[in-house]
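To start, the structure under review is shown below, and the notes come after it.
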Amino acid sequence: MKIVTIDDQKLVLLSVEKKLSDLGYEVHTAKTGQGGVALIDKINPDLVIVDINLRHMSGLDITKYVKESPDLNAKVMILSGETQEETIIKGFNLGADDFMKKPVSLNEIVARVKKLIGAPKEKKEDSVTSNANGLIREKCIGVVIPCYNEEDRLLSDEFTEFVYANLGYHLCFVNDGSTDKTLEVLNKLSKGREDYISVYDCEKNGGKAEAVRLGMLHLAKNVELDYIGFLDADLSTDFKDFDDLVKTIETTDYKIVSGSRITRMGANINKQSARQLISLTINFIIQKILGMKFKDTQCGAKIIDKDVIPLLFEKKFITRWLFDVEMFLRLKKKYGEETKQLICEQPLKRWVHADGSKLSMRDSLKIAFQLTKIATHYR
């Protein structure tokens, strides 16, 4: 049984192709509408799975082409993030046999495929990705994870489980000139998963600010990513909270959604008491510099609209640790008072201080001097 899948998101194509191929279907993929039509004419498939929002030629155009072609007898399944009732009805009026809204699980896609064209001859599944019930997202998300001497702290299993369960995420680990075996660990983590996990290697240690900056610019070259963020390697902010930040930016006009480690009822926020006292003092100074009542600029979990990444990251930061403050000042320099409507500070449900943090108490005390430097530079 032959299937043609058409989607301009590579991560979606790879996931659907792998899942259906392992089940015994013959799967062909295309990233453009024109390429998809050429494939359809060539192999005469039993099923076409198509996204609506393709460049130049929409999924509705392809649906119409398939259903009006006398030489084709393929079923058409529309897979899209489009939720307008008018569009869905138009798809069915053109002859679509099924319509699924993203996000949608791979297992649901399989069940619907089997209902439309039947099950192929049994074939053994031998891949973790085949067995996983991954969730295909509407948007593709890149995540920069800076790493410096993380050989003993990196939770490799948690990262792989997340990308298999959340199809549409790409994790980019930035090795910041580590002196231990971090690079070896990262290369092992990405091996065989290069489409979902990549490694960007910096030969020399430049500090977290430079590692994040280089990683963000690197991922920004990927045209398939809609939003790009960063997350600490120790997962002090867990993936569930980070995904909540992503959901917020996907459904609003914010340019930045930043996690906030605000202690409150119903949240598990675990900070060292001495560090917390210093943080409160530093935050008071930061608020004065920014001219915004930001509760926690330094949380290591943020998601950013791809459009503003050049503005925020093209130039090097003048500090190694306070680049978050510099980011907001760069945004404010361009948008002025409107900046307050472009940034969302979203409280986390969980944050736990991880032992082995690279920011020492001594470094924390130096931050006051760095803030003075920032205030002078961006004035």
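Coordinate-derived values only; no laboratory data. The model shown is predicted, which means the values in this text are computed figures rather than measured ones. Quick reminder, even Gly has a Cβ in these numbers, built from the backbone with ideal geometry, and neighbours come from all protein chains shown.
Observations
- Residue-averaged 222 nm ellipticity for the chain, from DSSP H runs of 4+ at -39500 (n - 2.57), nearest 500: -12500 deg cm²/dmol
- A cut-off of 5 Å between modelled amide H atoms, ignoring neighbours fewer than 5 places along the same chain, links residue 262 with 348.
- Computed from phi, the 3J(HN,Hα) profile of segment 281-289 under the Karplus parametrisation 6.51, -1.76, 1.60 (θ = phi - 60°) reads 5, 4, 5, 4, 5, 4, 4, 5, 5 Hz, with x in place of Gly and Pro.
- The chain: most fluctuating residue of 85, 151, 345 per GNM, C-alpha cutoff 10 Å: 85
- Rounded if a/c under 1.5, otherwise prolate or oblate - segment 2-131, Cα gyration tensor axes: prolate
- Contour minus Cα-Cα distance for residue 61 and residue 253 (0.36 nm per residue): 66.2 nm
- Mean Cα-pair separation over length for segment 135-378, i.e. relative contact order, pairs under 8 Å, 6 or more apart, %: 22 percent
- The string of couplings for segment 313-324 from the Karplus curve (6.51, -1.76, 1.60, θ = phi - 60°) is 10, 4, 8, 5, 7, 8, 10, 8, 10, 9, 5, 4 Hz, one whole number per residue in order, with x for Gly and Pro.
- Amide H to amide H distances under 5 Å link residue 227 with 140, 142, where only residues 5 or more positions off or on other chains count and H is placed in the peptide plane.
- Computed across the chain, the Kirkwood radius stands at 22.6 Å (inverse of mean 1/r, all Cα pairs).
- Rough spin-label spacing in nm, given labels placed 7 Å along Cα→Cβ, for residue 293 and residue 157: 4.4 nm
- Proximal lysines relative to residue 115, as straight alpha-carbon distance under 24 Å, when same-chain residues fewer than 8 apart are discounted: 2, 18, 19, 64, 67, 75, 90, 101, 102, 123, 124
- Beta bridges by DSSP in the chain, antiparallel share as percent, to the nearest 5: 15 percent
- Separation of alpha-carbon centers, segment 277-334 and segment 65-112, rounded to whole Å: 43 Å
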